[in-house]
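Below: the structure, in structure tokens.
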Amino acid sequence: MRTTFDAEVDAAYISLAPETAPGRSVLNVEVESTGGSVVLDFDSEGVLLGVEVLGATKTLDREFLDAAERIDE
């Protein structure tokens with residue numbers, strides 16, 4: 001599992017698949033929350049590939065974000 005965080009856009013991505021080839025995600029299910037939204041990425045077989053969190057600083061625990069790989073630096 002790999003977690004990345006981009007503070008510039010306040011978004012985090014939690015990758016649940018070891019390698020996700022471009023185009024593998026074919027279904028995105030968005031769930032709105034008070035602080036932002038969560039997008040679940042699925043492949044054609046229904047396997048959950050990853051979770052994108054928009055409004056990450058309002059939705060995720062600060063310690064979790066601090067441990068994530070920063071991609072905005």
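A few notes on this one:
- Hits in region 1-10 (condition: hydrophobic (A, V, I, L, M, F, W, C) and assigned to a strand (DSSP E or B)): F5
- Pairing residues of region 20-46 that are free of Cβ contacts under 8 Å to residues at least 12 places away in the same chain with residues that are among the β-branched types (V, I, T) and not in a loop (DSSP other than H, G, I, E, B), at Cβ distances under 8 Å and at least 6 apart in sequence or on separate chains, gives E30/V38; E30/V39; V31/V38; V31/V39.
- Qualifying residue in region 31-43 (condition: out of contact with any strand residue (DSSP E or B) (no Cβ under 8 Å at 6 or more places or on another chain) and over 24 Å from E8 (Cα atoms)): no
- Selection count where residues are at pLDDT 95 or above and under 25 Å from A67 (Cβ atoms), scope region 3-29: 12
- Region 11-40, subset of a type in the set (V, I, T) and not in a loop (DSSP other than H, G, I, E, B), residue nearest to T57 (Cα to Cα): V38
- Counted residues, region 19-72 - those being loosely packed, with under 10 Cβ neighbours inside 10 Å, among the acidic types (D, E) and over 20 Å from D6 (Cα atoms): 1
The values are calculated or read from the model by the stated rules, or taken from the named source; none is laboratory data. A quick note: this is a predicted structure, and the numbers were derived from the prediction, not measured. All Cβ positions, even for glycine, are placed from backbone atoms using ideal geometry, and neighbour counts span all protein chains on display.
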